[in-house]
1. For the range 1-111, calculate the relative contact order in percent as a whole number, restricting contacts to Cα pairs under 8 Å that are 6 or more residues apart.
2. For the chain, what proportion of DSSP beta bridges, expressed in % and rounded to the nearest 5, is antiparallel?
3. Could you please state how large a percent of the accessible area of the range 6-108 is carbon and sulfur, counting protein chains only and using a 1.4 Å probe?
4. Once a ≥ b ≥ c are taken as the square roots of the eigenvalues of the Cα gyration tensor of the chain, is the result rounded (a/c under 1.5), prolate (a/b larger than b/c) or oblate (a/b not larger than b/c)?
5. With n ≥ 4 as the cut-off for DSSP H runs, can you work out [θ] at 222 nm for the chain, using -39500 (n - 2.57) per run divided by the number of residues, rounded to the nearest 500?
6. For the pair R117 and A9, what calculated FRET efficiency results from E = 1/(1 + (r/R0)^6), where r is the Cβ-Cβ distance and R0 = 35 Å, to the nearest 0.05?
7. How about K89: which aspartates and glutamates have a C-alpha closer than 12 Å to its C-alpha, ignoring those fewer than 8 places off in the same chain?
8. Using a probe radius of 1.4 Å on heavy atoms only, what accessible surface per residue do you get for the range 99-143? Whole Å² is fine.
Amino acid sequence: MTLKELAIAIVEKKYSNIPLHARPVHKYRDKTANDLTKAIIAYCEFKGYKAWRQATEGRYLKEKYETNVIGHRILVSKGRYIPRSNQAKGAGDITVLMPPHGRMISVEVKIGSDRQRPDQKKFQTELEGIGGVYILTKSWDDFILQFQKHEPS
């Protein structure tokens, strides 16, 4: 299935009661990691699987300033990075649960020269060790080839 076919199929399924000329136009691309991630999630949901973007990065708290009675800004707290400790370090960008038995598939999206980090390789080894599936993909066609091997017949 191409990205164009996916967009057409989603629109036909979701808006079947709306005339053709009034249906919205969806476009999916695989030029950036964000675009490819959105397309993969849309495909999984179209097929009836539960899929979501897995946020594993931490967050940055900006520095805080207060103004004293004279009108000067005073630094109250420095900015700092807070790592996300409750998530699996190295998990893929997308998590998919596939019926009927809830098989877990973790999809890592890498575009261009982006490479898999050591903690992602470790997560892949651990997930595959317990029967899960880890897919490392760089394009839509690559994703479809790998993903369809694991879809129920």
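The values are calculated or read from the model by the stated rules, or taken from the named source; none is laboratory data. Fair warning: this is a prediction, and the values are worked out from it, not measured in the lab. Glycine gets a Cβ as well: all are built from the backbone with ideal geometry, and neighbour counts include every protein chain shown. With ligands, DNA and RNA removed, areas are computed over all heavy atoms of the protein, side chains included. Shrake-Rupley method; radii C 1.70, N 1.55, O 1.52, S 1.80 Å.
1. Relative contact order, the range 1-111: 22 percent.
2. 75 percent
3. 54 percent
4. Oblate, since a/c reaches 1.5 and b/c is not below a/b.
5. Calculated mean residue ellipticity at 222 nm is -9000 deg cm²/dmol.
6. Calculated value: 0.55.
7. Cα-Cα hits under 12 Å: E57, D119, E126.
8. 56 Å²
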